[in-house]
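The structure appears right after this line, and notes come after that.
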Amino acid sequence: MTNFSPNNQPHLPPELERAIFELAAIARPICIPSLMLVARRTKEWLEPLLYRVIFVSESIIDDMHGFPSIPLDILLATIAKKPTSFFQSSGTRIFLENPPGMEPALWVRAMDTIFTACQGVGQLSIVSSHISHRGSLDGLHSLRRLTMHVAPLFAPFAIDFSSPIFRHLTHLEFLDALDVFPPDVDIGAHLALVPALTHISFHVFKHPLRAFHGRIRTSPHIQCIVCFVPRQLVEIPEQPDARLVCMDLADWQTDWLRGAAFGEDYWELAEIFIAAKHGGEVYEAQYFIEEWWRL
C-alpha cells in the first residue's frame, strides 16, 4: 500500500490555483466568505473581490444575483482597518441607499469615507433625495455611470453640468422627473457640456412625456433617452425620435444587480430596442417597450 506524505501530494501551481478560486468567487460572490476560510492565501486573494460590487441597502431584494448585501457599518469598519491599496481594485460598482433615520451629517461623512477609499468606482448609484454629495463626488475620476436624485447632486450650488463630476460620464440617470429643473433652464444646452454623455434617463410619473422630451431632444450627442413612465402616460413626441425609449421598470434595484452580474440591465434593453427601430424590426412610432421585449 502506497503511503502519501504532504510532500508528494499533487498540487497546482499557485497562479493557477488563484485563478480557479478567483473565477469561482466572481461567478458566485455570495460564496466568497466561505472560500476565504479555505486557507490564509485564499483570504488574501478573494477578500478584495468581496467588495468588487458594493450593494448597501436595507430593502428586501428577491434576487440579489449572487451578490451579498453589505451593511453600511461593516463596510465603513472594513475601510477603516484595511490599507489604502485594498480598495484600489475594489468598489468598481457601488449602490448606496441612505438608511432610514440616519443623521445627514453621518451619511455625508460615510460617503466621504467610501469615495476616498474607492477611487476606482466606475458605476455609482446613490439613493438619497435630500443630502448634498457634491464635495464627495469631485474626486471620482473613473466614474462613467451615475444614478442620483437631482437636488443632492447640485445643491447648494446652481445647476452646473460643467463640474468635474460629469467630465467622463457616459450614462446619467436621474431618480426624478425633469420638472425638478426650473422651467427656464435649457436642459439640452446644459447636457451639451457633458462631453462623453451618450445615455440619459429620467423617472417620469405624473407629467406629460412630450414636455420632458422637448427639453432634452436638442442634445445631438445623446444616443439613448430612457423615460420610466407607466404605459398609459406614454405620448408620441412632437418630433419623431428613435432615441426615445419608454419603459415601466418595476424593480430597478434588481435590474442594477443584474447589470452588475451579467451586463444585462435596462440600458442594454433600450439599446436593443433602438437598434431594432433602426433596422425596421420595430415600428418607428412605437416608444414603449412591451413585456415581450424584456431580457
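All of the numbers you see were taken from the coordinates with simple rules; none came from a lab. Keep in mind that this is a model prediction, so the values were computed, not measured. All Cβ positions, even for glycine, are placed from backbone atoms using ideal geometry, and neighbour counts span all protein chains on display.
Out of every Cα-Cα pair that the chain contains, those further apart than 23 angstrom amount to 60 percent. The angle between the Cα long axis of helix 72-81 and the main principal axis of the chain comes to about 50°, on a 0 to 90 degree scale. Note on the chain: with a GNM built from Cα contacts shorter than 10 Å, the maximum mean-square fluctuation among Val53, Val245, Val38 falls on Val38.
Each label point was placed 7 Å from the Cα along the Cα-to-Cβ direction; for Arg40 and Leu193 their separation is 5.4 nm.
Between rounded, prolate and oblate, where does the stretch 233-293 land on the alpha carbon gyration tensor, with a ≥ b ≥ c its root eigenvalues, rounded for a/c under 1.5, else prolate if a/b exceeds b/c? Here the stretch 233-293 falls in the prolate category.
Computed log10 I(q)/I(0) for the stretch 43-102 at 0.13, 0.19, 0.20, 0.23 Å⁻¹: -0.35, -0.73, -0.81, -1.02, from the Debye equation with unit scatterers placed on every C-alpha and solvent omitted. Angle between the Cα long axis of helix 104-117 and the longest principal axis of the chain, 0 to 90 degrees, nearest 10? Roughly 60 degrees, rounded to the nearest 10. What whole-number distance in Å separates the alpha-carbon centres of the stretch 208-232 and the stretch 32-102? Computed from Cα coordinates, the inter-centre distance equals 35 Å.
How big is the charge dipole of the chain about its Cα centre, in debye rounded to the nearest 20, if each Lys and Arg gets +1 on its Cβ and each Asp and Glu gets -1 on its Cβ? Around 900 debye, computed over the chain. Among Ala260, Ala158, Ala242, the largest mean-square fluctuation in a Gaussian network model of the chain (Cα springs under 10 Å) belongs to Ala158.
Taking Met36, Met102, Met64 in turn, the Gaussian network model of the chain (Cα-Cα springs below 10 Å) assigns the largest fluctuation to Met102. Peptides 209-221, 111-123 ranked from most to least packed give 111-123, 209-221, packing being the mean of other C-beta atoms within 10 angstrom over each peptide's residues. Just so you know, the Cα atoms of the stretch 170-295 work out to an Rg and Dmax of 13.9, 40 Å. Classify the stretch 51-153 as rounded, prolate or oblate from the Cα gyration tensor: take a ≥ b ≥ c as the square roots of its eigenvalues, call it rounded if a/c is under 1.5, otherwise prolate when a/b beats b/c and oblate if not. Rounded is the answer for the stretch 51-153, as its axis ratio a/c remains below 1.5. For the stretch 213-266, rounded, prolate or oblate, judged on the Cα gyration tensor with a ≥ b ≥ c (square roots of eigenvalues), a/c < 1.5 rounded, else prolate if a/b > b/c? It is oblate, given that a/c is not under 1.5 and a/b is not larger than b/c.
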